[in-house]
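Working notes, structure below.
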Amino acid sequence: MRAEGYTKRRQPLGDWEIEIETYQAGDVFYCTINNVDPGARFARAEGATREEAESKALEKAEKYIKQTRRFTTT
Amino acid sequence: MADVLVSTDWVAQHAKDANVGVVEVDVDTAAYDQGHVPGAVGWNWTTELCDTLVRDIIPLKKLEELLGKSGVDNNTTIVLYGDNNNWFAAWAFWQLKMYGHKDVRIMDGGRKKWLAESRELSTERPTLAAKTYTASAPDVSLRAFLPDVQQASAQKKAALVDVRSPAEFTGEILAPPGLPETCQRGGHIPGAKSIPWGKNCNDDGTFKSVDDLKKLYADQGIKGDAPIIAYCRIGERSSLTWFVLKHLLGFQNVKNYDGSWTEWGNLVGAPVEKP
């Protein structure tokens, strides 16, 4: 088995820039989402299609981002 | 580059050599089971690379057991790799160096590069003959404890490098999204310089060239002529920067402060600088 069709792209999600990485291994598509600035992988999902995996992962990412509190720095 | 780095090509050719042990260590502990380098063992950082009772690095006996059951003895070349540009591969590297393992290397580019190159994946856990491993007492010169950091901050005796994101450094956020916010205050240790860990890496997950890395740190006054302490939130991102400073740039006196912001940012009365 090999990772097939590996792709990555960047896009905004709320105030954050995220990177979406997706690949297929066997019959399963895997998607992971990093927030580019802190650089942490923070959402992942699997699906039977690329679209399904990415849609599920984006849903989780949106939830986590909404939960992140921002503080004033002054 | 330095002999502590191996390429994905090298791993593809040598992963099954008798004296080589390949180990995957991911932030996402489920990633290994989705497919890994054939023959690689998977270590779980949340249970296998720490003391699960006291907040501490892996105890000596537990490390010896882990390495032994992973088919590793004192003469094995251990090759580590993982997701997030090798965050926890570097964490494992730091601990193995503390316990005196001679030949540890990191696969440049980590899991991301292996996947992007469409290399072979296996979902089988390898069956390995157990070996006997004898670790040395931990070399604490590689590790900073709270009093070291307090002294460094107050007396400017060492350069403090904060490797978290700018938003964590300024205190705008307490932790990256999706990770537990386990500190009470945001900001940074007074006197620390912000050099986010991600600046060490290229887009494909590999480390930048030595010249680029030297410039990155020299531009912030970090030239290896004074002690350096790297920190982040729990010590894993800073172990990647520790790896760069100590093993790619060859700076002599570099420590990883694994207590990091989850220790400092929870201390009653600890000075905090913002932004």
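Tabulated values for the structure
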| item | result |
| --- | --- |
| Counting DSSP beta bridges with both ends in segment B:141-264, the antiparallel % (nearest 5) | 10 |
| Percent breakdown of C-alpha pair distances by 5 Å bin, ordered from the shortest bin, for chain B | 1, 6, 13, 18, 19, 17, 13, 8, 4, 2, 0 |
| Per residue convex hull volume, Cα atoms of segment B:38-78, in Å³ | 76 |
| Over the protein assembly as shown: helical MRE at 222 nm, DSSP H runs n ≥ 4 each giving -39500 (n - 2.57), nearest 500 | -8000 deg cm²/dmol |
| Spin-label model distance (nm) - B:Ser209 vs B:Glu120, 7 Å beyond Cα toward Cβ | 3.4 |
| Gap separating the Cα centres of segment B:201-258 and segment A:35-74, nearest whole Å | 28 |
| Kirkwood Rh in Å, taken over segment B:116-269 so that all alpha-carbon pairs contribute | 17.0 |
| Relative contact order of segment B:163-270, pairs being alpha-carbon contacts under 8 Å that are 6 or more residues apart, as % | 28 |
| Among the listed pairs B:Lys156/B:Lys214; B:Lys156/B:Lys208; A:Lys63/B:Lys255; B:Lys61/B:Lys193, those beyond 27 Å (Cα-Cα) | B:Lys156/B:Lys208; A:Lys63/B:Lys255; B:Lys61/B:Lys193 |
| Centroid-to-centroid separation of segment B:169-199 and segment B:5-19 [C-alpha atoms, Å] | 36 |
| Order of B:Lys255, B:Lys61 under a 10 Å beta carbon neighbour criterion, fewest first | B:Lys61, B:Lys255 |
| Mean shadow area of segment A:3-67, taken as a quarter of the surface of its Cα convex hull (nm²) | 3.9 |
| Computed FRET value (nearest 0.05) for A:Glu19 with B:Gln151, which takes r as the C-beta separation and R₀ as 45 Å | 0.70 |
| Ascending count of other beta-carbon atoms within 10 Å, so fewest first, for A:Met1, B:Met107, B:Met98 | A:Met1, B:Met98, B:Met107 |
| Where a label projected 7 Å from the Cα of A:Val28 along Cα→Cβ would reach, residues of segment B:1-40 with amide N under 15 Å | B:28-37 |
| Relative contact order (%) - chain B, alpha-carbon pairs under 8 angstrom, separation at least six | 20 |
| Of all DSSP beta bridges in the protein assembly as shown, antiparallel share, percent nearest 5 | 55 |
| Relative contact order [Cα under 8 Å, 6+ residues apart], segment B:46-98, whole percent | 23 |
| Taking the convex hull of Cα positions in the protein assembly as shown, its mean projected area over all directions (nm²) | 16.8 |
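A short reminder: the numbers here are calculations on the coordinates, not readings from a lab. Here the structure is a predicted model, which is why all the values come from computation and not from measurement. We place every Cβ from the backbone using ideal geometry, glycine too, and count neighbours over all the protein chains shown.
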